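The numbers here are math on the coordinates, done by the rules we state, and not lab data. Fair warning: this is a prediction, and the values are worked out from it, not measured in the lab. Please note: Cβ atoms are built from the backbone with ideal geometry, for glycine as well, and neighbour counts cover all protein chains shown.
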Amino acid sequence: MSKPVIVSGVQPTGNLHIGNYLGAVKNWLELQNSGKYQLYIFIADLHSLTGKIPAEQLREQVKITAAELLAAGIDPDKTTFFVQSHVFEHTELAWIFNCVSPMGELDRMTQYKDKTAQQISATAGLFTYPILQAADILIYKGSLVPVGQDQVQHVELTRDIARWFNNKYGEFFPEAKHLLTKVPKVMSLLEPEKKMSKSLGAGHVIELREEPDEIIEKLKRAVTATIGGKKAPGVENLLGLLKEFGDEKTYKEFLLAEKDGTIRYGDLKATLSKTVSDYFTSFREKRANLLKNTKKLDDILANGAKKAQKVANTNMGTVRKLIGIR
Ligand code: ADP
Ligand code: TRP
């Protein structure tokens, strides 16, 4: 029996941060290394065109994101790893999905609503963003999609799109389901009521590439204040990070100290700084090496695209026949 197909992607809009790592990448690594699945992981460069990234920066950031994912542990021998725009079938299928998806359903997407609330004018690309995402998943007949909480709605829409297509043209696409990690949401260091996101700015996130002294500085400024007498969201966030990156004993000590009110936030921050920077020591070395040898990086991505394209092309062949353009 063939292994279940897993598909996921990340936009090359900035360096990976610990929210991306715990919410997405770590889960990909576990799935990859379990040997139970067929994985397609890609860099969603076309999706990032819905933002404001300049061309030169996009070119650069695709390379950095690729190096970072490989340094984190994506293994191109186990996972089909590539750049979305290198496999043209994604956009071809997206157009076909455009033609089975009711506007009203896209209008409900919270990511679209949030982003349009911040932007003066929204493009059609921002509106149809989840359609391209559905095509990314279904072009490989993906059935499992490991993402963070904020992407669940898009995976649900992917399921609807598969259904709309199948109802109109005959059963072809599977029902995709999201896979959440244990820590679905890492919060911002400076505004712990918001999710940690590159778009909030440098002080809000810890990037995986950051050197120990940078991490110390960032965590020193992390907000630990309580709001309205409730448990401080910032402290809860830092404890959650210690739980993920550190050993259980240290985590439990701090948790206990927090419960009985003896916790010292300075100690928590110092311990967490060291824990996080130690965790990513080998990541930093591998990342630097890959970025020095971009020929190797390009070869890995070209190989990945070739493997992905083979499957995408076969599935697109069937779709073209089903819809009557062949
Ligand atoms: P960002 O918000 O920093 O731009 P992306 O939207 O590119 O991050 O997200 C890439 C992946 O990382 C997605 O699967 C998303 O769900 C996950 N992710 C992003 N931020 C977080 C977070 N703070 N906590 C958990 N997962 C996250
Ligand atoms: N929209 C996702 C994000 O912002 C990235 C993405 C694009 C994706 N295509 C995908 C994730 C397909 C999972 C599957 O994080």
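Overview of values
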read-out	value
Residues residue 120 and residue 56, FRET efficiency given R0 of 30 Å [Cβ-Cβ distance, rounded to 0.05]	0.80
Dipole axis of the range 1-84 (+1 Lys, Arg; -1 Asp, Glu on Cβ), positive-most option in 2, 14, 65	2
Normalised alpha carbon radius of gyration of the range 11-73 [divisor 2.2 N^0.38 Å]	1.19
Residue range of the chain that is longest and free of GluC sites (Glu not before Pro) which are both DSSP loop and sparsely packed (at most 16 other C-beta within 10 Å)	1-170
Chain lengthening between residue 295 and residue 34 when straightened (0.36 nm per residue, less Cα-Cα)	91.0 nm
Reduced Cα scattering model of the chain, Debye log10 I(q)/I(0), q = 0.08, 0.11, 0.12 Å⁻¹	-0.40, -0.74, -0.87
Calculated Rg and Dmax of the range 198-283 using C-alpha coordinates, Å	12.9, 41
For the range 310-326, Karplus couplings with θ = phi - 60° (6.51, -1.76, 1.60), whole Hz, Gly/Pro x	4, 6, 4, 5, 4, 5, 5, x, 5, 4, 4, 5, 4, 8, x, 9, 9
Reachable aspartates and glutamates, given that their alpha-carbon falls under 14 Å from the alpha-carbon of residue 195 and they are not under 8 places away in the same chain	114, 150, 236
Whole-angstrom Cα spans of the range 124-192 along principal axes, big to small	49, 30, 16
Once the Cα gyration tensor of the range 1-147 is diagonalised, semi-axes √(5λ) in Å	25, 19, 14
Dipole of the range 168-306, positive direction: furthest Cα of 303, 215, 235, with charges on the beta-carbon	303
Relative contact order of the chain, defined on C-alpha pairs under 8 angstrom at six or more residues apart (%)	23
Protection proxy ranking of 134-143, 317-326 - average other beta-carbon atoms within 10 Å, highest first	134-143, 317-326
DSSP bridge orientation in the chain - percent antiparallel, rounded to nearest 5	10
The range 52-169 - charge dipole about Cα centre, Lys and Arg +1 at Cβ, Asp and Glu -1, debye rounded to 20	240
Gyration tensor (alpha-carbon) shape descriptor, the range 256-326, a/c threshold 1.5	oblate
Proximal lysine pairs, the range 198-283, alpha carbons under 20 Å, eight or more residues apart or interchain	24
Estimated dipole of the range 198-283 in Debye, rounded to 20 [Cβ of Lys and Arg +1, of Asp and Glu -1, Cα centre]	360
Signed unit charges on C-beta, dipole axis of the range 198-283, positive-most listed residue 200, 266, 225	225
